[in-house]
Amino acid sequence: MANSFRIGGLTALLLAGLTMSPTLSDAQVMGDEAELGRLQSKAEEAIGNDDADGAAMMMGRAALLAAQLGKREAGSKTAFRKSQEALFRSQEHTYRAMALFRRAGGQLPASSGVCGSLALARTSLGHVTELDSSAPQDTRLLEEDTRLRASADTWRQVVDSIIAEYHCL
């Protein structure tokens, strides 16, 4: 099983159904937010096709776009974009770790490079912050923030599961 892509049952379930954060509603079909949705969909499709490198590339692009949007937007939306970027970076690092593990032959314990990428993924999740709900904001932003934090919590479980599966300390 040295050449196979090793993903445990819980991890596979989480990756298949919960890899992308549902931060964009289906009604948003224009501009940069639509592009974020397309990048997330492409990453989900790539990981579904056992292409962790492609998924990492798509999430890296999504993180970059979220950062660019954060620089253009003001107020609470900027904080939301920073959190969104952090989640996307975590996903990018996780997918890169999966690709490295596979290229290294899938032997346990995983290499220090794989474990280092997973550590970066976990660290990035620490940058997902809750918006200040006392500040005046639109309801949609608060709902998106709630979904983003729920996705980050789920992603934390994915990262922790992969760390355990790959025998990273």
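The values are calculated or read from the model by the stated rules, or taken from the named source; none is laboratory data. The structure displayed is predicted, hence computed values, not measured ones. Reconstructed Cβ throughout: ideal geometry from the backbone, glycine too, with neighbour counts over all protein chains shown. When the accessible area is computed, the model is the full protein with side chains, heavy atoms only, and any ligands, DNA or RNA have been set aside. Shrake-Rupley method; radii C 1.70, N 1.55, O 1.52, S 1.80 Å.
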**Message:** Below 13 angstrom from the Cβ of M58, what's the summed charge of the other residues (Lys, Arg +1; Asp, Glu -1)?
**Reply:** -1
**Message:** Leaving out ligands and nucleic acids, and using a 1.4 Å probe, what accessible area per residue does segment 26-166 come to in Å²?
**Reply:** 48 Å²
**Request:** Go ahead and run the numbers for FRET between D32 and D160, Cβ-Cβ distance against an R0 of 22 Å, rounding to 0.05.
**Result:** 0.10
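So if each residue of separation counts as 0.36 nm, and I subtract the Cα-Cα distance between D153 and L141, what length gain in nm does that give?
Here the segment from D153 to L141 would lengthen by 2.5 nm.
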**Prompt:** By the scheme Lys and Arg +1, Asp and Glu -1, what is the net charge of all other residues having a beta-carbon under 11 Å from that of E85?
**Reply:** +3
**Message:** Once each part is reduced to its C-alpha centroid, what is the distance from segment 141-163 to segment 80-118 in angstrom?
**Reply:** 16 Å
